[in-house]
Amino acid sequence: MDESLSYTRLFDGARRALQKAMDDHAQREYDEFALHAGVAVERLAKAALVRMNPLYLVEMRNNNTDMLLHFGGNLELARDKVRTIGAKDALARLRKMQVLPADAQLDELIDIRNGVAHTTGSDEAKFLLPTFARAVEQILGHLGQSSQRFWGTWASAVRMGLNERESQVTREIHLRIRQARHRFNQRFEGLPEGARDLVLGAPQPGQGMEIGPMTLPDGTEITIMVASVRCPACTGLASVMMSPTTQSNTGVTLVPTTYLCKICRLELDNYEEIKASGVEIDGMGMPVSMSFSYGPTLMPDEVPEQRAE
């Protein structure tokens, strides 16, 4: 049988595809994540099948006895003539043998993977990482393989992604923190000791408080940015943008809405995400909210005279 369809080759191929999928998700390349995650699941599922019996890879269409004999080891075929089942059939067979449960979201991931080569710009797969991780863990358990070794440096991120006790927002944000930390640490692999500390200690642009562009109802443009919040991913200093939540003709209230660490590229997109990250905004010299008044107000001599009855 073709060596590329051996258990070892399929298993190692699944691990390489998984690492690419995790990197894609960390970079917010969700189409690419779906593509590589689908490849990883398919190869890992096929590895499980071929380990039980190579015949389980045979595609049962058109009465293809050549494939049956080839995978049984009694007929040699050219590599370009060999056909195996696809991801959906591989998962279906594992489900029949109760290795995997039915999972509509895993099926959705495979569907996105199968169509991703023809469409771009879709974020559909963004929230399917826990589904992907759960399927991988279930197959690894069946194979008796080490989860820590298979996921490598992504193991802690996966554990957070599978933590059902946390809310979806909290899981998403803590996963994003671990992804940013992973990317940051990768930058220093092979570099001299101390390089990481030099980067963290270097002054970052935009530190302190800045007044920048934000248009208020009276036409004034302001932005409040505070860059004194410690990043939970790399421990560097991050910038927090404050934006309006309520406005009137004479005032505006600002709250933290955007968070960016320019060192590790961790981004949080709203106050809920900032809160879920665990960053203690009110304990870092930054107000929880700001209110500004502007425009004409009543002066003492403009107050209507009160008449005594």
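The values are calculated or read from the model by the stated rules, or taken from the named source; none is laboratory data. These numbers come from a predicted model, not from an experiment. Here the Cβ positions follow ideal geometry from the backbone for every residue, glycine too, while neighbour counts run over all protein chains shown. Accessible surface is based on the protein model in full, side chains and every heavy atom, while ligands, DNA and RNA are left aside. Shrake-Rupley method; radii C 1.70, N 1.55, O 1.52, S 1.80 Å.
Can you confirm whether residue 35 is modelled with pLDDT of 85 or more, assigned to a helix (DSSP H, G or I), in contact with a Lys or Arg (Cβ under 6 Å, 6 or more places away or on another chain) and open to solvent by 40 Å² or more (accessible area, probe 1.4 Å)? Yes, satisfied.
Taking the criterion of being at pLDDT below 65 and either among the β-branched types (Val, Ile, Thr) or within 16 Å of the chain's Cα centre (by Cα) (or both), the residues of the stretch 165-217 that qualify are 211, 215. When every residue of the stretch 75-84 is checked against the conditions, at least one turns out to be modelled with pLDDT under 95 and of a type in the set (Gly, Ala, Ser).
Let's see how each residue does on (1) assigned to a loop (DSSP other than H, G, I, E, B); (2) surrounded by fewer than 20 Cβ atoms within 10 Å (Cβ to Cβ); (3) modelled with pLDDT under 85:
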| residue | (1), (2), (3) |
| --- | --- |
| 22 | no, no, no |
| 28 | yes, yes, yes |
| 62 | yes, yes, yes |
| 70 | no, no, yes |
| 98 | yes, yes, no |
| 107 | no, yes, no |
| 112 | no, no, no |
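For residue 150, the criteria (1) under 19 Å from residue 268 (Cβ atoms); (2) more than 11 Å from the chain's Cα centre (by Cα) hold in every case but one, which is (1). Could you give me the residue pairs with C-beta distances under 8 Å whose first residue belongs to the stretch 3-17 and is of a type in the set (A, V, I, L, M), whose second residue is crowded, with 16+ Cβ neighbours inside 10 Å and outside any helix (DSSP H, G or I) wherever it lies, and which are 6+ apart or on separate chains? Taking only residues 6 or more apart or on different chains, the pairs are 5/82; 5/84.
Does residue 227 count as in contact with a strand residue (DSSP E or B) (Cβ under 7 Å, 6 or more places away or on another chain), open to solvent by less than 30 Å² (accessible area, probe 1.4 Å), under 14 Å from residue 279 (Cα atoms) and modelled with pLDDT under 75? Judged against the criteria, residue 227 is a match. None of 193, 172 is of a type in the set (Asp, Glu) and assigned to a helix (DSSP H, G or I) except 172. Being in a loop (DSSP other than H, G, I, E, B) and open to solvent by 10 Å² or more (accessible area, probe 1.4 Å) is a condition met by at least one residue of the stretch 136-144. From the list 159, 178, the lone residue that is free of Cβ contacts under 8 Å to residues at least 24 places away in the same chain, in a helix (DSSP H, G or I) and either surrounded by 14 or more Cβ atoms within 10 Å (Cβ to Cβ) or in contact with a Leu (Cβ under 8 Å, 6 or more places away or on another chain) (or both) is 159.
Within the stretch 264-276, being open to solvent by 10 Å² or more (accessible area, probe 1.4 Å) and hydrophobic (A, V, I, L, M, F, W, C) holds for one residue alone: 276.
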